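Take a look at the structure set out below.
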């Protein structure tokens, strides 16, 4: 679970864009102007339960081009910059080798979204998901950080897909078929190339009487997997679509 600080606590926004709310503009600029400072904040804010992170890991992710002495010096400079804006107790240490972001100094929308999705609070989760995690963000020469960011993006998109599908199922039960179809298609969008979600969505659209929409969804999916993965849909998916076409 994420921390539950006061609503006046500054909030780091990472979904659909990067911003920092609740601080004077000069302070916000100070922290967001440096990509590695942003990356450092994201690493600590999105650590599961804000657990302590090893300094060596942070150095390896953010300063792989430096030797240990210079990398640790760069990390100390970044910690100092964060503390200068968020407060001396904002980044806490455990011994000499571990760092964490204090629970009550900075909220994070991505962290709050993940907690809501994992708790099954579908409506709040969907409202919070404004888009991909840190879109377009890049730290030059930090391949391991880029891998971490890719995995975090994927995990959050999977949560959003699950929330969208849960809402689609609820709406179908309530016989709000048009809305159910919208969220079924969004679930497919967020999962990208997952054929299991595609098949469930196609079957739902067929059940609610939108066979044409189901076929369009399939055709869009085929185009996407051909362009991104250079593969064809599985025999199971093709059989489902052929059955749908036969009525």
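The values are calculated or read from the model by the stated rules, or taken from the named source; none is laboratory data. Note that the structure is predicted; figures quoted are calculated from it, not measured. Using ideal geometry, Cβ is built from the backbone for each residue, glycine included, and neighbour counts are taken over all protein chains shown.
Pick out the one residue from 172, 152 that is in contact with a strand residue (DSSP E or B) (Cβ under 6 Å, 6 or more places away or on another chain) and in contact (Cβ under 8 Å) with a residue 24 or more places away in the chain. Break it down into steps so the answer makes sense when it comes.
Working: 172 fails: in contact with a strand residue (DSSP E or B) (Cβ under 6 Å, 6 or more places away or on another chain).
Of the residues listed, the single one that is in contact with a strand residue (DSSP E or B) (Cβ under 6 Å, 6 or more places away or on another chain) and in contact (Cβ under 8 Å) with a residue 24 or more places away in the chain is 152.
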**Message:** Looking at the range 95-107 only, could you name the residues that are surrounded by 14 or more Cβ atoms within 10 Å (Cβ to Cβ) and either closer than 21 Å to residue 55 by Cβ or free of Cβ contacts under 8 Å to residues at least 40 places away in the same chain (or both)?
**Reply:** 98, 99, 100, 101, 102, 103, 105, 106
**Prompt:** Mind checking whether some residue in the range 105-125 is over 14 Å from the mean Cα position of the chain (by Cα), assigned to a helix (DSSP H, G or I), farther than 30 Å from residue 36 by Cβ and assigned by TED's automatic domain parsing to the domain that holds residue 204?
**Reply:** no
**Request:** Take residue 43 and decide whether it is crowded, with 20+ Cβ neighbours inside 10 Å, touching a strand residue (DSSP E or B) at 6+ places or on another chain (Cβ under 7 Å), in a helix (DSSP H, G or I) and at pLDDT 95 or above.
**Result:** yes
**Item:** Residue within the range 127-135 that is part of a helix (DSSP H, G or I), touching a helix residue (DSSP H, G or I) at 6+ places or on another chain (Cβ under 6 Å) and not assigned by TED's automatic domain parsing to the domain that holds residue 38 present
**Value:** yes
**Complete:** Within the range 149-207, restricting to residues that are at pLDDT below 95 and not in a helix (DSSP H, G or I), the one that is farthest from residue 245 (Cα to Cα) is 192
**Asked** Quick one: is residue 56 in contact (Cβ under 8 Å) with a residue 40 or more places away in the chain, part of a helix (DSSP H, G or I) and not assigned by TED's automatic domain parsing to the domain that holds residue 157?
**Response** yes
**Asked** Within the range 121-133, is there a residue that is at positive phi, modelled with pLDDT of 95 or more and exposed (fewer than 15 other Cβ atoms within 10 Å of the Cβ)?
**Response** yes
**Asked** Which residue out of 17, 60 is at pLDDT 95 or above, out of contact with any helix residue (DSSP H, G or I) (no Cβ under 6 Å at 6 or more places or on another chain) and within 22 Å of residue 125 (Cβ to Cβ)?
**Response** 17
